[in-house]
Amino acid sequence: MRLDKLLSNMGFGTRKEVKILMKKGSVRVNEVAVKDAALHVDTVKDEVTVLGQKVVYKEFMYLMMNKPQGVLSATEDKRDQTVIDLLDEEYNIFEMFPVGRLDKDTEGFLLLTNDGKLAHNLLSPKKGVPKTYYAHIEGIVTEEDTKQFTEGVTLDDGYETKPGQLRILKSADISEIELTITEGKYHQVKRMFEAVGKQVVYLKRLSMGPLSLDETLALGSYRELTEEELQQLMQISGK
């Protein structure tokens, strides 16, 4: 990759600004000052530093976020705050986007990346990547509901859902459940419960595929995926 493109991609300024850094002798490749912006470097083997700071090249970025309520799963919005607005400026260069959606009033696990191929694979209906949710339900959830979810329910628009695994944690006026589904229809969890005459009053996504929400993440915070998590993700997405 051209040296000026590498440094620009990694947030060291525009190509023009990068060239100014080079003229000042601030850029070194394998400990040698370089002023040729067109120099091609090996992003794996060559060591590039700017003002003594080592440049670690990353083409793709993968973040796990604990999405809070009231924030949109979108890249931009004129009225409401989005999950991208929660990211530090250093991630702007990656042009991140959320993989799938969580409703504005839903919280929990959300994956953000700039890897379009991985996102497409994870969201593909053919992959059937499981997603698990924890919810509070207004109404007594019964074993009959569990049976219906296992067979699939008919949504308000006539769509027949694929089977869902419903686990009752507490059956009461406000029940507590966990539900695993392999689809991502609009407001699907809420509409599935509406199909059996009940209402979701609190919803949190716990996991997506092999990845579970890091419970140490406060609402609105995030972290990069570990190497192990990334490998698990690559395996299930077939990338």
**Item:** Tally, over segment 145-155, of residues that are in contact (Cβ under 8 Å) with a residue 40 or more places away in the chain, over 18 Å from residue 201 (Cα atoms) and part of a helix (DSSP H, G or I)
**Value:** 2
**Asked** Inside segment 175-189, can you point out the residues that are farther than 10 Å from residue 149 by Cβ and either surrounded by 14 or more Cβ atoms within 10 Å (Cβ to Cβ) or among the basic types (Lys, Arg) (or both)?
**Response** 175, 176, 178, 182, 183, 184, 185, 187, 188, 189
**Message:** So the check is Cβ under 6 Å with 6+ separation or different chains; which pairs have a first residue in segment 170-183 that's free of Cβ contacts under 8 Å to residues at least 40 places away in the same chain and more than 30 Å from residue 121 (Cα to Cα) and a second one that's part of a strand (DSSP E or B) and open to solvent by 30 Å² or more (accessible area, probe 1.4 Å)?
**Reply:** 170/176; 174/136
**Item:** Residue among 52, 25, 100, 11 that alone is among the small types (Gly, Ala, Ser) and within 17 Å of the chain's Cα centre (by Cα)
**Value:** 100
**Asked** What about residue 166, is it in a strand (DSSP E or B) and in contact with a helix residue (DSSP H, G or I) (Cβ under 6 Å, 6 or more places away or on another chain)?
**Response** yes
**Request:** Taking the residues in segment 103-127 that are charged (D, E, K, R) and under 13 Å from the mean Cα position of the chain (by Cα) as candidates, determine which candidate is modelled with the lowest pLDDT.
**Result:** 115
**Request:** Would you check which residues across segment 3-36 are closer than 23 Å to residue 90 by Cα, free of Cβ contacts under 8 Å to residues at least 40 places away in the same chain, outside any helix (DSSP H, G or I) and open to solvent by less than 80 Å² (accessible area, probe 1.4 Å) and list them?
**Result:** 13, 14, 26, 27, 29
**Residue list for segment 147-174, filter: within 24 Å of the chain's Cα centre (by Cα) and open to solvent by 70 Å² or more (accessible area, probe 1.4 Å)** = 162, 165
**Prompt:** Looking at segment 192-239, which of its residues are under 19 Å from residue 168 (Cβ atoms) and either among the acidic types (Asp, Glu) or assigned to a helix (DSSP H, G or I) (or both)?
**Reply:** 192, 193, 194, 195
**Request:** Only residues that are open to solvent by 20 Å² or more (accessible area, probe 1.4 Å), at pLDDT 95 or above, within 26 Å of residue 14 (Cα to Cα) and among the hydrophobic types (A, V, I, L, M, F, W, C): list them for segment 60-86, please.
**Result:** 84, 86
**Request:** Only residues that are at pLDDT 95 or above, of a type in the set (A, V, I, L, M, F, W, C) and open to solvent by less than 60 Å² (accessible area, probe 1.4 Å): list them for segment 219-239, please.
**Result:** 225
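The values are calculated or read from the model by the stated rules, or taken from the named source; none is laboratory data. Note that the structure is predicted; figures quoted are calculated from it, not measured. Positions of Cβ are backbone-derived with ideal geometry, glycine not excepted, and every protein chain shown enters the neighbour counts. Areas reflect the complete protein model, heavy atoms only, side chains present, ligands, DNA and RNA absent. Shrake-Rupley method; radii C 1.70, N 1.55, O 1.52, S 1.80 Å.
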